[in-house]
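Chemist: The structure's right below; bear with me while I get my questions together.
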Amino acid sequence: MSDSSFSPDLVIRNGLVLPMVADGVHFRGEIAIRDGRITAVSDSTIEDCSTARILDASNAAVLPGFIQGHVHVVQSLLRHQADGLELLDWLRLRTWPYEAALDGDGVEAAAELGIVELLCGGTTTALDFGTTHDHNRVFRAAESLGIRLVSGKTHMDIGAGAPVALLENPDRSLSDAFELGQRWHGAADGRLRYAVAPRFALSCSPGLLRGCAELARANGWLLQTHAAENGAEVEEVRALSGLGNIEFLDSHGLVGDDVILAHGIHLEKADVRRLAETRTTICHCPGANLKLGSGIADVPGLIQSGIAVVLGADGPPCNNRLSIFHEMSLAATIHGLRYGPTALGPWAVLGMATRDAAAALHMGDEVGTLENGKAGDVIVVELDGWSALPGGDPASRIVFGGGPHMVRHVVVAGRPLVVDGKLVDVDAKALRHRIDEAWKATRRRMEEVQ
Ligand SMILES: [Zn+2]
C-alpha cells in the first residue's frame with residue numbers, strides 16, 4: 001500500500017505479541033499505530049512505514065498497557081513512612097495527618113511521583129483515589145505526564161480519628177466533585193476521566209454516600225470505594241449501622257456494574273451473592289493486604305461466583321510500591337495456600353491486569369487488548385532479563401519472572417512516554433527535587449500539628 005494517508009506514525013517491531021484477546025495467544029509480530037490508534041496487529045513485517053518512528057521489541061513481549069483498578073498516587077510522599085501498622089491506625093496515625101498536611105504543591109508532586117512510577121512499570125491506565133482537596137493538581141500532573149487516569153477526590157464527613165481539615169460539608173464536597181468531573185471527565189482527548197470516590201463506610205454519613213451514588217449515576221461516572229478490608233473496620237461498621245459492610249454500602253447505592261470496591265477480604269456468603277448479582281467489581285490488592293496484615297481475599301472463590309476481579313497496588317505507604325508485577329506475582333501465588341498451585345494461572349492474572357480491568361472500568365472498547373481501532377496503549381517488556389530466561393510460557397515469564405525493571409517502552413495513545421527504560425519529556429532531576437522539597441514541607445506541617 002503506497003497511500004501515505006494510511007501509513008503508521010509508530011511501529012513496534014519484531015516482538016513477541018500477547019494481544020490478550022484470549023489466554024495463551026502469542027505470536028511474533030508487529031504493531032502499527034496512527035493518530036493514537038492501533039491500525040495493525042500483524043504476524044508479519046509491516047510494510048510502508050518509512051516515515052514511522054520504530055520502537056524495537058526484539059527479545060521482548062508486546063502487551064496492552066497494564067491497568068490497575070485501585071491506586072492512590074496522592075499518597076506517594078508518605079511512602080516508607082507508615083510501616084508496621086494495621087489499617088485503622090495506618091489511617092489515623094499516619095495517612096490522614098499526611099493528607100491533611102499536603103498543600104497544592106504537595107498534591108501535585110505526590111501525583112507526579114506516583115504517575116511516573118506507574119508509567120515506568122508499564123501501567124498505562126489507573127483508577128485513582130485522591131484526597132479531599134487540590135484534586136485539580138492530580139489531573140494536571142496526569143495531563144502533562146501522559147498517563148490514562150480515572151480519578152476522583154475522596155469524600156469524608158465523619159470518622160473517629162480523622163483530622164478536622166479533611167472533614168467536609170457533604171454538599172460542598174459533592175459540588176466540588178461535580179465541578180472536577182465537569183472539568184476533567186473526557187479531557188486530554190478522553191485520556192482523563194472522573195470517578196466518584198467516597199473514602200469508606202466509616203468516613204461517610206449515609207447522606208454523603210447516597211449523594212456520591214447519585215452524583216456518579218447522574219453523570220455516567222464510575223464509583224469507587226474501599227470495603228471489607230480489615231476485621232476491625234467491618235466490626236466498626238456493624239457497631240455504627242447494625243449492618244455488614246457490603247449491606248451498608250448496598251443500602252446507599254454503592255453496588256453495581258459501575259462500582260469498583262477495593263479489597264473485599266472479609267465477606268459473608270450473602271455479600272458474595274449480592275456482589276455477583278449486581279455485577280460489582282472487586283479490586284484485589286494483595287501487596288497492601290499482606291503488608292497491613294488485613295487478610296487474603298478469596299479471589300478464586302469470587303471469580304467462581306461470577307464476580308469480576310481486577311488488580312491494584314493501593315497506596316504507596318501501604319505496599320510500598322505501585323508495581324503491577326508485584327501484584328500479579330502475589331495474585332498468582334498466594335491463593336495456592338488455600339486452593340493449591342493451580343488456583344490462578346499466569347494467563348488469568350495477565351487478563352485481570354489488562355482486558356478484565358478495561359471491562360471493569362467501562363473502557364473495554366478503548367484499551368485492555370491489542371486490536372485494530374483501540375487506543376495505542378502498548379508496552380514492551382524485556383524477556384532477556386535473567387529472571388525471564390531461558391524460555392517457557394511468556395505469561396509465566398512475565399507474571400513469575402517479571403518486574404518494572406524489564407519495561408523497555410511505554411506508549412499511551414500513540415505517544416511514547418518511556419523509551420529504552422527512560423522517561424521521555426520529563427526532567428527527572430527537577431522532578432526529584434520537587435518531590436524532595438514537597439515531602440520536607442509536608443513533614444514540617446505534620447510535625448507542627450503534633
Ligand atoms: Zn486504597
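Chemist: If I model a spin label as a point 7 Å beyond the Cα along the Cα-Cβ vector, how far apart are those points for Asn59 and Ser251 in nm?
Modeler: Each label point lies 7 Å from its Cα, and together they span 6.0 nm.
Chemist: Sort 222-233, 410-421 by the packing proxy (mean of other Cβ within 10 Å over each peptide's residues), most packed first.
Modeler: 222-233, 410-421
Chemist: Given His133, Leu249, Gly385, which one lies farthest toward the positive end of the charge dipole of the chain, if we put +1 on the Cβ of every Lys and Arg and -1 on the Cβ of every Asp and Glu?
Modeler: Gly385
Chemist: Quick one: which residues, 5 or more positions from Ser151 or on another chain, have an amide H under 5 Å from its amide H? H modelled 1.01 Å from N in the peptide plane, none for Pro or chain starts.
Modeler: It is Asp128, Arg193, Tyr194, Ala195, by chain and number.
Chemist: Another question about this same structure. Determine, for each peptide in 70-76, 303-309, 80-86, the mean count of other beta carbons within 10 angstrom over its residues, then list the peptides with the highest first.
Modeler: Descending mean neighbour count gives 70-76, 303-309, 80-86.
Chemist: What does the charge add up to near Phe129, with Lys and Arg as +1, Asp and Glu as -1, over the other residues with Cβ less than 12 Å from its Cβ?
Modeler: -1
Chemist: How do the peptides 180-192, 396-408 rank, highest first, by the average count of neighbouring beta carbon atoms within 10 Å per residue?
Modeler: Highest to lowest by the protection proxy: 396-408, 180-192.
Chemist: Hey, another quick one. Round to a whole angstrom and tell me the spacing of the C-alpha centers of the range 212-254 and the range 372-399.
Modeler: Here the answer is 37 Å between Cα centres.
Chemist: OK, next. At a Förster radius of 60 Å, what calculated FRET efficiency corresponds to the Cβ-Cβ distance of Arg217 and Leu389, to the nearest 0.05?
Modeler: 0.75
Chemist: Set the Förster radius R0 to 25 Å, insert the Cβ-Cβ distance between Val419 and Glu47 as r into 1/(1 + (r/R0)^6), and round the FRET efficiency to 0.05.
Modeler: After rounding to 0.05, the efficiency reads 0.60.
Chemist: Still on this model: Could I have the simple spin-label model distance between Asp83 and Arg183, label points 7 Å from Cα toward Cβ, reported in nm to one decimal?
Modeler: 3.7
Chemist: Moving on to the next point. Which semi-axes, in whole Å and largest first, does the equivalent ellipsoid of the range 74-360 have when worked out from the alpha carbon gyration tensor as the square roots of 5 times its eigenvalues?
Modeler: 25, 22, 19
Chemist: Go ahead and collect, in residue order, the members of the range 191-221 whose backbone nitrogen is under 17 Å from a label point 7 Å along the Cα-Cβ direction of Ser175.
Modeler: Once the point is set 7 Å along Cα→Cβ of Ser175, 208, 211-212, 215 turn out to lie under 17 Å by backbone N, inside the range 191-221.
Chemist: Something else now. Rounded to the nearest 20 Debye, what is the dipole magnitude of the range 151-292 about its Cα centre when Lys and Arg each give +1 and Asp and Glu each give -1 at the C-beta?
Modeler: 300
Chemist: Further, regarding this structure: Under a point spin-label approximation (7 Å from Cα along Cα-to-Cβ), what is the Arg445-Tyr339 distance to one decimal in nm?
Modeler: 4.4
Every read-out reported here was derived from the displayed coordinates using simple, explicitly stated rules and does not represent laboratory data. Predicted model only: the values in this text are computed from it and were never measured. Heads up, the Cβs are rebuilt from the backbone with ideal geometry, glycines too, and the neighbour counts pull from every protein chain shown.
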